[in-house]
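To start, the structure under review is shown below, and the notes come after it.
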Amino acid sequence: MQQMLKQAQKMQQQIAKAQAELADAELTGTAGGGLVTATVDGTGELKAIKIDPKAVDPDDMETLEDLVVAAVRNAADAARELTEKKMGPVTGGMGGLGLPGF
């Protein structure tokens, strides 16, 4: 029983470390060959959007809107991949232990 408690405590420390690393991470997604760039943190929270002036066409705002969505999705995908990379080894591939946020 003592051994199991030690393992659980170690896992808890590893999870906390991985979560801190994710919070500090910055991931970038792009669209339109770099015309639109979205930056998210490791949890997927949007931090910044940069739009190259060449992407702005007042007669075609729909394309710009699509590029923004694509860049944000690209960045969010990168955040998901990083989360899987950081948390997978900690949780031992147990599907996040069924805990919210993992």
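General observations
- Taking the Cα centre of segment 2-90 as origin and assigning +1 to Lys and Arg Cβ atoms and -1 to Asp and Glu Cβ atoms, the resulting dipole is close to 920 debye.
- Put in order of Cβ neighbour count within 10 Å, fewest first, the listed residues Met4, Met87 become Met4, Met87.
- In whole percents, the pair-distance distribution calculated for the chain from its alpha-carbon pairs, binned every 10 Å from zero, is 16, 35, 23, 15, 8, 3, 1.
- Each of Gln7, Leu35, Pro53 was scored by the projection of its Cα onto the charge dipole of segment 2-90, and the greatest displacement toward the positive side belongs to Gln7; charges sit on the C-beta of Lys, Arg, Asp and Glu.
- Angle in degrees between helix 2-24 and the longest Cα principal axis of the chain, rounded to the nearest 10: 20 degrees
- Angle between the chain longest axis and helix 61-91 axis [Cα atoms, degrees, rounded to 10]: 10 degrees
Throughout, read-outs are computed from the coordinates displayed, never taken from laboratory work. Keep in mind that what you see is a predicted model, and the values were worked out from it rather than measured. Ideal geometry is used to build each Cβ from the backbone, glycine not excepted, and the neighbour counts take in all protein chains shown.
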